[in-house]
Amino acid sequence: MRFSEKLVCTILLVVVTFFALGGSALLYGDFQDRLSSLADQEQNRHDMLCYTLENEILSLHRQGEAVTESGLGSFCADLLEPAEGGTAQLAALYHTDRQMGQGAVYSCLPAVWGASMLPGSGQQAILRSGDSLWRVYCTDLLDGWTLYSAYDLSEAFAARSRSLQRFLLLEAAVVIGAAAAAAIFSRKLIRPLALLNQASRRIAAGDYALRTNVRTDDEIGQLSESFDSMAAAVQDKVAALELSVQQREDFMGAFTHELKTPMTGILGYADLLRSMQPDPAEQREAAGAIYHEAHRLESLSGKLLQLLHLDEEELALGPVALDRAVTMAVKAARPALEQNGHARVETLSTGLWVQGDTDLLCDLVLNLITNAAKAGPGGTITVSAEQAGRTVLLRVRDQGCGIPADQLARVTEPFYMVDKSRARKQGGSGLGLALCSRIAQAHGGTLTIDSAPGKGTAVTVTLQAVSKPEEGGAS
Amino acid sequence: MKRNRKRGWMLALCAAAIVPLAAIPLGWFALTDAAMVGQTHTQQTPYTSLVPTGDDYYLLRQLNTRVELAWRNYNGQMYSTEDGVEGMYFSGATYSGGMTYADADMQQYRDEVLQTLVDGGVLPQAWWDQVKEEIDYWAAPTYYSTDSLGFLRLKTYVGENSQTCLLNMEVDSRTGKVVALWISALQRHEIDPAVALPAWVELNELDGLGDWTVPTGTDYEQSGLYSENGQALMTCATGEDTFSSSGETRQFLSLQLGPYTKEVSG
């Protein structure tokens with residue numbers, strides 16, 4: 001059963017229940033008022049009958065004439081002769097000496113009304129005779145006479161039946177109207193839900209960009225808003241997953257390629273040495289090439305291990321003297337600097353302390369200096385640091401060839417190289433900046449690159465500043 | 001398919017619930033009608049019966065008028081038009097010399113009236129039998145007189161010129177109702193006023209006054225019935241007859257009906 005149908009059914013049940021109860025109470029109240037009004041009229045007529053009969057009895061007494069049953073019976077018959085168009089009226093006159101079953105002086109009451117059904121003196125009762133209902137009054141008169149008079153209530157009941165018929169017709173109209181209104185209302189109310197349902201199906205089918213855009217100021221509007229937020233989150237997540245998958249695929253492709261390239265060289269030179277008799281110069285060249293490529297493979301595997309290590313383990317960070325880490329890195333970078341045209345490094349002593357790992361920070365700076373040396377052989381590399389609030393900005397700037405703007409976003413991807421042939425010649429693996437970026441992240445910081453082709457590159461790493469620890473606490 | 005079937009069932013159930021709910025008024029009135037029919041209730045403003053007075057009864061009105069006119073005669077105010085009583089009252093003779101000798105028809109009338117009293121439970125049969133025996137034994141003559149209001153007085157003596165009256169009865173000639181009876185007999189017989197007087201009230205059709213009670217605290221507590229509405233008193237008494245001139249000790253029975261005001265007379 002649809003929700004809208006449930007809604008319509010519920011509304012109809014409530015409307016019908018309250019309408020029927022309210023109508024019943026209203027009709028009942030009107031009917032009681034009518035019966036009460038009739039009772040007043042009937043009581044007056046009954047009282048008039050009683051008075052007339054008692055007056056007749058007293059009149060006979062005054063005249064000294066006997067009050068005979070036949071005389072009083074005739075008087076009753078004349079008195080109760082139905083008037084033209086008058087309200088139907090029945091009556092009976094009994095004497096105390098006579099039992100009810102033995103007959104009355106005068107009676108036109110229905111025989112079905114037994115003595116036990118009739119009311120006592122001063123009482124009234126509604127009795128049924130065939131299809132009609134009568135209200136019977138009883139009063140004891142002078143000299144032991146008892147008068148019953150009955151008045152037809154059929155018209156009151158018929159009027160009530162007519163009112164009831166009209167009410168039932170009205171009720172039917174109300175039910176139909178309420179059903180139509182409820183159907184329209186519920187359809188309008190359910191429409192946003194149907195939209196949500198449709199949208200969820202389409203999103204499940206892959207249309208992640210779809211939004212419901214239901215703008216109502218109620219719970220459904222809030223639900224739609226939440227649904228749209230959820231859809232956006234799902235879209236972002238899916239996009240991130242897709243990107244991740246793409247990156248993983250790229251990584252695997254690049255990794256395979258980077259493995260294959262040195263291995264090809266190694267295999268080639270090894271085959272040359274195995275199958276030919278090269279002269280000593282060629283042998284040295286082949287051995288040198290094999291050494292170079294093997295060294296590159298070792299470097300590659302070392303950096304890959306470092307990356308994996310960073311991904312898998314939680315770092316234990318502590319206060320690190322930034323100058324110390326930079327000094328260690330500069331010292332470690334000396335061979336690379338000599339290899340790249342004896343590039344010169346300028347370091348500015350800052351005295352800053354950061355929250356980090358000394359070895360990783362040393363690797364970070366070493367990689368950045370090495371990259372800078374490769375970018376501009378013979379140039380000057382500047383390593384500086386400054387504190388901005390609770391952050392330390394460590395910056396390595398070179399005066400090299402720079403990075404094109406369209407490739408800036410990808411240089412931190414593993415194995416991505418702006419100029420692959422040059423990088424390989426220089427022993428690059430394409431993992432340096434990726435490793436730097438990951439180390440920065442492991443320290444809760446970021447790595448940003450500003451570069452202009454031909455003017456140089458500045459790599460800035462943000463680190464968390466800490467105050468200088470007391471003696472013995474530094475690493 | 002199953003889902004559609006369930007939906008159809010639910011809709012049918014809803015429709016089936018709406019129909020009886022819509023018919024609540026029918027059930028309502030069926031129940032209230034069933035509760036209403038046959039039930040007795042006290043009338044909101046029950047009829048209050050007329051309260052009759054002595055003037056509403058011919059017999060009492062005649063007696064009242066007789067007393068009134070007799071009093072006026074005594075005071076010499078024989079005519080009056082102020083209170084509806086007018087004319088002149090002539091009382092009938094109360095002694096045999098002034099009365100008319102009753103023929104057989106009149107004597108039979110006397111017997112019939114007395115028999116009516118016996119049959120009505122007013123006069124004990126023993127009293128009537130004894131009186132009747134003496135009347136027959138003595139062939140007692142009966143005299144009668146009538147006053148101007150129509151009261152017939154019948155008197156039976158032991159013999160002509162005798163002062164021993166066996167029976168003195170006053171009857172309203174129009175209705176035949178006895179308003180006074182005096183019987184003298186050789187023996188006293190039992191008569192219970194508590195039985196005889198209500199029977200007399202009924203026989204005289206005065207029960208419509210509805211308030212005949214024993215006048216407690218008066219001289220008539222043991223022998224009377226009083227109606228405040230009718231301002232009337234009925235008495236029933238027996239005792240030794242000291243009025244007869246006979247040498248024998250005789251007993252009397254007296255029944256009297258007349259106007260009576262408790263506050264004044266009691």
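The values are calculated or read from the model by the stated rules, or taken from the named source; none is laboratory data. Please read these numbers as outputs of a predicted model, since none were measured by experiment. Methodologically, a virtual Cβ is constructed for each residue, glycine included, from the backbone with ideal geometry; neighbour enumeration extends over all protein chains shown. For accessibility, only protein heavy atoms count, side chains too; no ligands or nucleic acids. Shrake-Rupley method; radii C 1.70, N 1.55, O 1.52, S 1.80 Å.
Determine which member of the set A:42, A:54 is surrounded by 17 or more Cβ atoms within 10 Å (Cβ to Cβ), among the acidic types (Asp, Glu), part of a helix (DSSP H, G or I) and more than 9 Å from chain B (Cβ to nearest Cβ).
When all the criteria are applied, what remains is A:42.
Report the residue count in the stretch A:200-212 for those that are out of contact with any helix residue (DSSP H, G or I) (no Cβ under 7 Å at 6 or more places or on another chain) and either open to solvent by 60 Å² or more (accessible area, probe 1.4 Å) or among the aliphatic types (A, V, I, L, M) (or both).
Selection size over the stretch A:200-212: 4.
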Please enumerate the residues belonging to the stretch A:64-86 that are within 13 Å of chain B (Cβ to nearest Cβ) and either in contact (Cβ under 8 Å) with a residue 24 or more places away in the chain or touching a Phe, Trp or Tyr at 6+ places or on another chain (Cβ under 6 Å) (or both).
-> A:64, A:67, A:72
The stretch B:155-181, residues that are open to solvent by 50 Å² or more (accessible area, probe 1.4 Å) and more than 14 Å from chain A (Cβ to nearest Cβ) | B:160, B:161, B:163
Sort out which residues of the stretch B:16-28 are more than 7 Å from chain A (Cβ to nearest Cβ), open to solvent by less than 50 Å² (accessible area, probe 1.4 Å) and either touching a His at 6+ places or on another chain (Cβ under 8 Å) or assigned to a helix (DSSP H, G or I) (or both), and write them in order of number.
-> B:27
Would the stretch A:357-366 turn up any residue that is part of a loop (DSSP other than H, G, I, E, B) and in contact with a helix residue (DSSP H, G or I) (Cβ under 9 Å, 6 or more places away or on another chain)?
-> yes
Taking the condition assigned to a helix (DSSP H, G or I), under 22 Å from residue A:145 (Cβ atoms) and open to solvent by 10 Å² or more (accessible area, probe 1.4 Å), does residue B:199 pass?
-> yes
Considering the stretch B:40-60 alone, what residues qualify as being more than 7 Å from every other protein chain (Cβ to nearest Cβ), surrounded by fewer than 19 Cβ atoms within 10 Å (Cβ to Cβ) and either part of a helix (DSSP H, G or I) or touching a Gly at 6+ places or on another chain (Cβ under 7 Å) (or both)?
-> B:53, B:55
Residues of the stretch A:134-151 that turn out to be under 16 Å from residue B:39 (Cβ atoms) and either modelled with pLDDT under 90 or within 7 Å of chain B (Cβ to nearest Cβ) (or both), as a count = 1
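Which one of A:200, A:154, A:186 is among the hydroxyl-bearing types (Ser, Thr, Tyr), within 14 Å of another protein chain (Cβ to nearest Cβ) and more than 25 Å from residue B:11 (Cβ to Cβ)?
Matching residue, one of A:200, A:154, A:186: A:154.
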Contact list, first residue from the stretch A:21-49 and closer than 25 Å to residue B:28 by Cβ, second anywhere and surrounded by fewer than 12 Cβ atoms within 10 Å (Cβ to Cβ), beta-carbon distance below 8 Å, six or more apart or interchain, is A:39/B:44; A:40/B:44
Exclusive hit being more than 13 Å from chain A (Cβ to nearest Cβ) and in contact with a Leu (Cβ under 9 Å, 6 or more places away or on another chain), set B:206, B:197 | B:197
